[in-house]
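This report concerns only the one structure given below.
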Amino acid sequence: MSVYRVIDVIGTSASSWEEAAREAITTAAGSLHDLRIAEVTKQDIVVGDDGTLLYRSRLQLSFKYVPD
């Protein structure tokens with residue numbers, strides 16, 4: 001029997017929402033183990049004063065919970 005935990009993470013990218021999601025998963029995988037599912041729950045764009053765009057993807061990540 002397994003238990004899974006779900007957390008929210010936000011990734012950013014100057015090029016695309018897909019890259020922002022990839023960045024969030026890659027970064028989270030550095031400290032979380034047994035990642036199972038990533039669900040994109042929100043996407044938005046921050047427009048800088050100089051017109052630059054920053055894509056943001058919010059994801060819910062599930063991973064296997066292993067108590068200490």
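The values are calculated or read from the model by the stated rules, or taken from the named source; none is laboratory data. Please read these numbers as outputs of a predicted model, since none were measured by experiment. Heads up, the Cβs are rebuilt from the backbone with ideal geometry, glycines too, and the neighbour counts pull from every protein chain shown. Side chains included, ligands, DNA and RNA excluded: accessible areas come from the protein's heavy atoms. Shrake-Rupley method; radii C 1.70, N 1.55, O 1.52, S 1.80 Å.
Helix-only estimate, please: 222 nm mean residue ellipticity of the chain, summing -39500 (n - 2.57) across DSSP H runs of length 4 or more and dividing by its residues, to the nearest 500.
-6000 deg cm²/dmol
Summary value for the chain: 45 percent relative contact order, contacts being C-alpha pairs under 8 angstrom separated by 6+ residues.
Compute the length gained on full extension between THR27 and VAL3: take 0.36 nm times their separation in residues and subtract their Cα-Cα distance, giving the result in nm to one decimal. Could the numbers behind the result be given before it?
Values: separation 24, 0.36 × 24 = 8.64 nm, distance 2.21 nm.
Separation in residues times 0.36 nm, less the Cα-Cα distance, equals 6.4 nm.
Counted residue by residue at 0.36 nm each, then reduced by the alpha carbon distance between them, the extension gain from LEU53 to ILE37 reaches 3.0 nm. Summing +1 for each Lys or Arg and -1 for each Asp or Glu, what net charge is found among the other residues whose Cβ lies under 14 Å from the Cβ of THR26? In short, -2. Residue ranges 52-61, 5-14, 30-39 sort as 52-61, 5-14, 30-39 when ordered by packing (mean number of other C-beta atoms within 10 Å per residue, highest first). Modelled label positions at ASP68 and SER15, each set 7 Å beyond Cα in the direction of Cβ, lie 3.9 nm from each other. Panel note: the C-alpha atoms of the chain, placed on their principal axes, show extents of 51, 20, 17 Å (largest first). Summarise the accessible area of the range 4-64 (1.4 Å probe, protein heavy atoms) by the percent that is carbon and sulfur. Carbon with sulfur: 49 percent of the solvent-accessible area.
At a probe radius of 1.4 angstrom, the accessible area of the range 4-64 per residue rounds to 67 square angstrom.
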